[in-house]
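The numbers here are math on the coordinates, done by the rules we state, and not lab data. Predicted model only: the values in this text are computed from it and were never measured. Here the Cβ positions follow ideal geometry from the backbone for every residue, glycine too, while neighbour counts run over all protein chains shown.
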Amino acid sequence: MSEELKSGILARTGAALAKTLAYAIMIVFTVMTLYPIVWLIINSFKTTQEFQVSQLGFPKEPTLQNYTLAWEFGDFSKLFPNSLIYTIGATAGIILLSLLAGFAFAKIKSRATKPIYASFVIGILLTVNTLMIPLFLEMTVLGLYDTRLAVLLVYIGAGLPTGVYLATEFIKGIPSALVESARIDGAGFLRIFWKIILPMAAPVATTLAILNITGIWNEFALINILVSKTELKSLPLGIFKFSGSLSTDYGKQFAALTIGMAPMLIFYMVFRKQITKGVAAGAVKG
Amino acid sequence: MARMKHVDREEGRAYWMMVLPAFLIYLLVMAFPIILSAVLSVSDYSGGKMFGGERWGFAGFGQYARVFADPFFWNAFKNNMYVVLVSVFGQLPLGFIFAYIIYRRLVKWPDFWQTVLYVPNIISIIVVGLLWQTIFSPNGPIGEIMNNMYRHDFQEQLRTLLGPASGFTVTDSMVRRILELAGPAGAAQFGDPLPELKSLMLSFGSAGGIGPDGYGPLVDGLTNLFVRKWSPEFLNKPDVAMLPVLFVILWMYTGMYLILFLANMQKIDTQIIESARIDGAREGQVMRYIILPSLSGTVVNSAILAISGSLSSFALIFAMTGGGPSRVTEIISIYMYNNAFLGRPNFALANAIALITVAISFLLIMLTKALEKRFGGKEE
């Protein structure tokens, strides 16, 4: 056997070994990732009695009873619309306000830009969760505790640092000549914003939408201290009700968890390309 | 000249019209709470109406001293550090390995793996917390597997003890041995273990327990009596109770770093790698000299995100353990929450904690700037 042939074979077995190892790693971690979720969904179709006898395996007589009970107990018919209002309202607010401020920062010269923009950038690492106690007190003093407005304001405020940063950096890349020629034609800034900036900023708006929709839909810590009325609660708060005293009614709890998981899983399945792209673009620290 | 002024004024008005809405909300949600926190942390405010209610005023910096003297604060701080360590030495390397495998096409269907491994990030943290709480509980799948193992083990030992089916007689030593197998909890079920258990076994025998198939009913009966139910000791033992929490954090967020690393690997010019391969560079050399250096910025970036993420994380531990057992799994945010909302609220203390966390965040921001100077230019 020639030396060349030998090293060729060695390289090929090495490559095959690497591939096998790569597959093994990916398969093990994929199973570890998916198994708990699949386990949860399967067991949500068992009665609590059946679950207590057998936690593994498929349900003998699949039942939807857990779902109807969980839906009623969790008041999900009230919480779903709330979650939608918070998510859509706050996301739209973040996108609009971020782009407006970003346009001003990027295209209008002002001495105020430096300090104000810097304060937004600092906010990226200053997470609002840290401030939940003073926020709770502040909203109580303002008479906004237990209102939708408080939740929307806090969510918008929490999303603005990243939003303003990404919007400003993006709009800086739009040629200033476009804005200037529109100015010479006599267009006002708001008109330029609607006609030129907003359509061109679609990519950054998509990123912001992706980041905030998933974040706000799943948010728990802040809304937990801002509202106490069922009429104002979001889905995660409703799901949390199934822990504690009810944690032994497994069937109901699993159904509730599956209900809580389903909307975002579907959203993810539909927009997974945009979501992974948006996450990579949004992971900034200023 | 007059026209210029007019333009300037219009420009200024437009500027503030666009900046103020965002800036005011930002001040309301981020800046004002920090100021409020600073004021309350040195006050004797104890809940109730802030204006027009009970009078409150300056009370000194005692709350800060209390926080720093509180062993529970340091325990929470330590747990935050564990979360950071798991992120930096667990999530980051794992995420990097996954990204590398996908990027170098060592496996087919790159989209599939990426999509699946990111799934936990999409699920509500509350769902994740409650799901894993159940999985680690005695009623979860781990519990079932462990219980089956105990059962099997116990029955094997019983069978060896009882010997061949034909020569079966209940002796005192046999009963004593069974009691040993059952352990203290099993023996405690009987007033006078030896005679009672002996008569129980004999009754199994007379009920057809020793038939042609061996001791089926006898073994089953004793198993049901004695086999202990698995209890997840690591959730009750204070010194290891953080382990399941850290495992879930690893489970949940590793996919995010996979996405970050992969996105940044895909920015590398593939021609550089290809020409290096043609020039005879081995895979390891490609990794060492091309891929790793171009990702150093991402690594620093991710580490900083991990630290700031650990400071803000709350819901997962809140749902999974609530900080228990006996407060060992508290992190700073939960320590703060419990001081404000559990038992007699101490808002002054809770605000001191909030401000300390803000200070840590600012330290972090300065660290970022310093790191950026060292690694300058390599980012993005």
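Quick one: Debye curve from the alpha-carbon atoms of the protein assembly as shown only, equal weights, vacuum; give me log10 I(q)/I(0) at q = 0.06, 0.11 Å⁻¹ to two decimals.
-0.45, -1.20
Cut-off 10 angstrom, C-alpha nodes, Gaussian network model of chain A. Which of A:LEU40, A:LEU131, A:LEU208 fluctuates the most?
A:LEU131
When the helices in chain A are scored as -39500 (n - 2.57) per DSSP H run of 4 or longer and the sum is shared across all residues, what 222 nm value do you end up with, to the nearest 500 deg cm²/dmol?
-24500 deg cm²/dmol
Springs between alpha-carbon pairs under 10 angstrom, Gaussian network model over chain B: which of B:PRO193, B:PRO71, B:PRO138 fluctuates most?
Looking only at B:PRO193, B:PRO71, B:PRO138, the biggest GNM fluctuation is shown by B:PRO193.
Could you give the size of the charge dipole of region A:66-282 about its Cα centre, using +1 on the Cβ of each K and R and -1 on the Cβ of each D and E, expressed in debye and rounded to the nearest 20?
660
What are the extents of the Cα atoms of region A:158-240 along their three principal axes, in Å, largest first?
Reported extents, whole Å, longest axis first: 56, 21, 17.
Through the Karplus equation 6.51 cos²θ - 1.76 cosθ + 1.60, θ set to phi - 60°, convert the phi angles of region A:19-29 into ³J(HN,Hα) values in whole Hz; use x for Gly and Pro.
Computed from phi, the couplings for region A:19-29 are 5, 4, 4, 4, 4, 4, 4, 5, 5, 4, 6 Hz.
Over chain B, what relative contact order in percent results from Cα pairs under 8 Å that are six or more residues apart?
Details: 355 pairs, mean separation 115.1, N = 380.
Across chain B, relative contact order equals 30 percent.
Name the trypsin sites (Lys or Arg not before Pro) in region B:13-79 that are in a loop by DSSP and that have at most 11 other C-beta atoms within 10 Å, would you? Could the numbers behind the result be given before it?
Working: sites: B:ARG13, B:LYS49, B:ARG55, B:ARG66, B:LYS78; in loops: B:LYS49, B:ARG55.
Here the sparse-neighbourhood loop sites are B:LYS49, B:ARG55.
In terms of modelled amide H atoms, which long-range or inter-chain residues lie less than 5 Å from the amide H of B:SER43?
B:ALA59
In debye, nearest 20: dipole of chain B around its Cα centre with unit charges on the Cβ of K, R (+) and D, E (-)?
Numbers: 29 positive and 26 negative charges, 211 e Å.
Result for chain B is approximately 1020 debye, rounded to the nearest 20.
How large is ³J(HN,Hα) for each residue in region B:337-352, as worked out from phi by the Karplus curve 6.51 cos²θ - 1.76 cosθ + 1.60 (θ = phi - 60°), to whole Hz, x for Gly and Pro?
Those phi angles translate into 4, 5, 5, 8, 10, 9, x, 7, x, 10, 5, 4, 5, 4, 6, 4 Hz.
Using the count of nearby Cβ atoms within 10 Å as a rough guide to exposure, how do A:ILE156, B:ILE278, A:ILE9, A:ILE210 rank from fewest to most? Could the numbers behind the result be given before it?
Numbers: A:ILE156 28, B:ILE278 8, A:ILE9 11, A:ILE210 21.
Exposure proxy ranking, most exposed first: B:ILE278, A:ILE9, A:ILE210, A:ILE156.
Take region A:3-43, drop everything but the C-alpha atoms, weight them equally and run the Debye formula without solvent; then report log10 I(q)/I(0) at 0.24, 0.31 Å⁻¹ to two decimals.
Debye curve over Cα of region A:3-43, log10 I(q)/I(0) at q = 0.24, 0.31 Å⁻¹: -0.76, -0.91.
Summing -39500 (n - 2.57) over the DSSP H runs of n ≥ 4 in chain B and dividing by its residue number, what mean residue ellipticity at 222 nm do you reach, to the nearest 500 deg cm²/dmol?
Details: 19 runs with 259 residues, N = 380.
Theoretical 222 nm ellipticity from helices: -22000 deg cm²/dmol.
Compute a Gaussian network model of chain B, connecting alpha carbons closer than 10 Å, and tell me which residue from B:GLU144, B:GLU330, B:GLU180 fluctuates the most.
B:GLU180
Apply the Karplus parameterisation 6.51 cos²θ - 1.76 cosθ + 1.60, with θ equal to phi minus 60°, to every residue of region B:302-309 and state each ³J(HN,Hα) to the nearest whole Hz, in sequence, with x for glycine and proline.
5, 4, 5, 4, 5, 5, 5, x
Over 29 Å between Cα atoms: which of A:LYS229/A:LYS277; A:LYS277/B:LYS373; A:LYS78/A:LYS273 fall into that group? Write out the running numbers ahead of the final one.
On the way: A:LYS229/A:LYS277 37 Å; A:LYS277/B:LYS373 27 Å; A:LYS78/A:LYS273 31 Å.
Distance filter (> 29 Å) returns A:LYS229/A:LYS277; A:LYS78/A:LYS273.
Counting only C-alpha contacts under 8 Å and six or more residues apart, can you give the relative contact order of region A:66-282 as a whole percent?
Averaging sequence separation for qualifying contacts and normalising by length gives 37 percent for region A:66-282.
Taking other Cβ within 10 Å of each residue's Cβ, how do A:GLU219, B:GLU54 sort, fewest first?
Working: A:GLU219 29, B:GLU54 11.
Placing the least packed residue first, the sequence is B:GLU54, A:GLU219.
What ranking of B:VAL67, A:VAL164 emerges when the number of other C-beta atoms within 10 Å of each C-beta is taken as an exposure proxy, fewest first?
Numbers: B:VAL67 21, A:VAL164 29.
Ascending Cβ contact count within 10 Å gives the list B:VAL67, A:VAL164.
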